[in-house]
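The values are calculated or read from the model by the stated rules, or taken from the named source; none is laboratory data. What you are looking at is a predicted structure, and each value in this text was computed from that prediction instead of being measured. We place every Cβ from the backbone using ideal geometry, glycine too, and count neighbours over all the protein chains shown.
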């Protein structure tokens, strides 16, 4: 049973560039949430996708956008990168109808460094 | 708005000592769920426990135990007879109903267990 996978593992980008991070949910899950975890901080909710639509969004600017594909995998796009976007980006998957609200499975994350 | 506070930034103990990690939460909702996650150096968040707001029974799982007290809005986590493998960052998190999978995390407590 494959867990949540994310790619790439590490990424280094320059200010102003754009980046795309990818996530494949745990088998059987249909909902993907993205979190940003700055160094020494707890994860911050970016947004959630279900049925290929953004369902909820945290306090992040429009530079952060996403997409969910029919196979439930998801992408996180960040435009016009800032130094402050350097963080660990975590993807979490869940099953919307599981009846176990909030129980999410996290991937290993993508470490993004902006120079 | 919801808030989770983990006042202990870092705790160091010697192996076999008991240790308690504190978590205080704030929410106006009457129905919510509390979580603890473990984040080892690899970065992946590991789910430990989920507790709903109507269930104040304490729970024990092996060396782990959780104490939920609504009167003080606390959900503390105790590790008995700590081991070096328990070294990690531990996060307390909260979800309120109606926000689907939007976890609100505390800032985490780094636990260092030494021989």
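Restricting attention to the range A:72-96 and to residues that are part of a loop (DSSP other than H, G, I, E, B) and modelled with pLDDT of 95 or more, the residue that is farthest from residue A:35 (Cα to Cα) turns out to be A:80. Residues that are surrounded by 13 or more Cβ atoms within 10 Å (Cβ to Cβ) and assigned to a loop (DSSP other than H, G, I, E, B) within the range A:18-38 comprise A:25, A:26, A:29, A:30, A:38, listed in sequence order.
Once the range A:25-38 is narrowed to residues that are more than 10 Å from every other protein chain (Cβ to nearest Cβ) and touching a residue at least 60 places away in the same chain (Cβ under 8 Å), the residue that is farthest from the chain's Cα centre (by Cα) is A:28. If the condition is being in contact (Cβ under 8 Å) with a residue 40 or more places away in the chain and either in contact with a helix residue (DSSP H, G or I) (Cβ under 9 Å, 6 or more places away or on another chain) or closer than 21 Å to residue A:40 by Cα (or both), then the range A:60-83 contributes A:78, A:81, A:82, A:83.
When residues in the range A:39-71 are screened for being in a loop (DSSP other than H, G, I, E, B), more than 10 Å from every other protein chain (Cβ to nearest Cβ) and surrounded by fewer than 14 Cβ atoms within 10 Å (Cβ to Cβ), 10 of them pass. Only residues that are in contact with a strand residue (DSSP E or B) (Cβ under 9 Å, 6 or more places away or on another chain), within 13 Å of chain B (Cβ to nearest Cβ) and part of a loop (DSSP other than H, G, I, E, B) were counted across the range A:97-115, and they come to 8.
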